[in-house]
1. GLY36: net charge of surrounding residues, Cβ under 14 Å, Lys/Arg +1, Asp/Glu -1, itself excluded?
2. Counting Lys and Arg as +1 and Asp and Glu as -1, what is the net charge of the other residues whose Cβ lies under 15 Å from the Cβ of GLY124?
3. Around PRO54, what is the net charge, scoring Lys/Arg as +1 and Asp/Glu as -1 over all other residues with Cβ under 13 Å from its Cβ?
4. Put +1 on the Cβ of each Lys and Arg and -1 on the Cβ of each Asp and Glu in the chain; which of VAL57, ALA27, ALA199 then has its Cα farthest toward the positive end of the dipole?
5. Where only protein heavy atoms count, and the probe is 1.4 Å, what is the accessible area per residue for the stretch 1-150 in Å²?
6. Run the Debye formula on the Cα coordinates of the stretch 114-156, all scatterers equal and no solvent, and tell me log10 I(q)/I(0) at q = 0.16 1/Å.
7. Lysines within cross-link reach of LYS183: Cα-Cα under 20 Å, excluding same-chain residues under 8 positions apart?
8. Quick one: work out Rg over Rh on the C-alpha atoms of the chain, Rh as Kirkwood radius.
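The values are calculated or read from the model by the stated rules, or taken from the named source; none is laboratory data. Keep in mind that this is a model prediction, so the values were computed, not measured. Don't worry about glycine lacking a Cβ; one is built from the backbone with ideal geometry, like all the others, and counts go over all protein chains shown. Areas reflect the complete protein model, heavy atoms only, side chains present, ligands, DNA and RNA absent. Shrake-Rupley method; radii C 1.70, N 1.55, O 1.52, S 1.80 Å.
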Amino acid sequence: MSAITPTIDLADTILREWTEQPDIIAAFLAGSVAKGNAGPGSDIDAVLIHHHMPAAVRETHERQGVMVELFLHDPDTLAYFWEADRRQGKPSLARMVANGLPIAGDPALIEELKRQAQAVLDGGPPPLTEEELRTRRYSISDLAADLAQPRSAAEQLAIGSRLYIELADFTVRAAGAWTGSGKGLSKALMRLDPMLASAFEHAFGELFGDHDPAEVLALVDLCLEPYGGRFMAGDRRPAPADWRLGD
């Protein structure tokens, strides 16, 4: 049985189970379906705004052979998550509203929520602090030092998987740009610098395909160089004094 490719019309039909509830004041279809580039097996992603909720909820359902991801909020929880995501540099929820396709709700409220979401995106993420830069440089340098040693294929896979995420996220955030998770991280790299994104793809392809870490190690030095290069010796991070058991 082949996977279904959800369309906007199919998504609208499926989502009526929720959007026709009387307390829904705005609803946005997001992701690949809203953009018109969904493929077989794509999810239906939607942000549904209630007049009031006890707490924000994320739900996953299956309808007509399609997975449905719902992000349930009221205006106050939406604002909270926008700020929390902004501090992490990952504005996924703001993007879903700013770029989403309105499918239910009050037009004036929809316009205002889109304006607020776009303001979050336009404001950009907070810059990394000096302490954050040092801590991230240390973590990346430590992983690179591990990778430089003779390793089994399984160990290279484990180290390399973590290194890709930490190095790519550092590179994007240190440049003052929005980052992402999963496939969103590779997209963030591409938005920042297409040539650098290609370098990441090739270097980690060499690591995972041919077990050759040389290009990845060179990429580490390239990405860390503007911020002082690799950093390990001299690192000191004391734990808070109250992190202890006992009286």
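1. -2
2. Values: positive: ARG86, ARG87, LYS90, ARG95, ARG173, ARG191; negative: GLU83, ASP85, ASP122.
Once positives and negatives cancel, what remains is +3.
3. Working: positive: none; negative: ASP23, ASP74, ASP76.
Net charge in that neighbourhood comes out at -3.
4. Of the candidates, ALA199 comes out farthest on the positive side.
5. Values: 7730 Å² over 150 residues.
Heavy-atom accessible area per residue stands at 52 Å².
6. -0.64
7. LYS183 reaches LYS35, LYS90.
8. Numbers: Rg = 21.6 Å, Rh = 20.6 Å.
Checking Rg against Rh, the ratio lands at 1.05.
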